[in-house]
Amino acid sequence: MTFDVPAGWQPAALDPGDPDGDFASMTYNGDFAVACEINAGPAGPIGHLRVWVSEEQPEDLEETLGTFLREDVSGEISERHYREKHAGDLETVEATVLAYSDVLEEQRRTRGFIVRTPDGAAVVEYTGFDRIEHEAMVPGYIRARDSIQHTE
């Protein structure tokens, strides 16, 4: 799959490494492994988009995304909103969650979407450093979401 990102955002492929290794908790989330990170920092906002891939074909996109996001946040989720969307040429489910961050000692918003791929599924999620950075990244996230396409 491909998608557009704003000028100055820097994509980099990531190797998730050993699923049983020391850093597995940062590079694996259930059946998903991190594949790519797009750093927004060079363009201004402090944050990134991450692309996670799985070879499993989910039956229920909302349930799979909900499980992914519950595992991704460091605190209890106090709000969650799901939306079925068409992102680019694909049907997706998008979610926004609000969870308390023990590190930042504040509520932190995370947003992401899941899409079926020919090889399984992918989640694109983003979190800014804090609330201000999160809001600054919304246009870039929306650009990525709305331009996503399958590639052959």
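None of the figures in this text is laboratory data; all of them are computed from the coordinates on show. All values derive from a computational prediction rather than experimental measurement. All Cβ positions, even for glycine, are placed from backbone atoms using ideal geometry, and neighbour counts span all protein chains on display.
So what are the radius of gyration and Dmax for the Cα set of the chain, in Å?
Just the Cα atoms of the chain yield Rg and Dmax of 14.5, 44 Å.
Which of these, 119, 72, 130, has the largest mean-square fluctuation under a Gaussian network model of the chain (Cα springs below 10 Å)?
In this elastic network of the chain, the residue with the biggest mean-square fluctuation among 119, 72, 130 is 119.
Only Cα pairs under 8 Å and at least 6 apart count here; give the relative contact order of the chain as a rounded whole percent.
Once normalised by length, the contact order is 27 percent.
Using a simple spin-label model with points 7 Å from Cα along the Cα→Cβ vector, what separation in nm is obtained for residue 131 and residue 4?
3.1 nm
When the helices in the chain are scored as -39500 (n - 2.57) per DSSP H run of 4 or longer and the sum is shared across all residues, what 222 nm value do you end up with, to the nearest 500 deg cm²/dmol?
-6500 deg cm²/dmol
So if each residue of separation counts as 0.36 nm, and I subtract the Cα-Cα distance between residue 37 and residue 86, what length gain in nm does that give?
In short, 15.4 nm is gained.
Percentage of Cα-Cα pair distances in the stretch 79-146 greater than 16 Å, rounded to whole percent?
Numbers: 1129 of 2278 pairs.
It works out to 50 percent of all Cα pairs.
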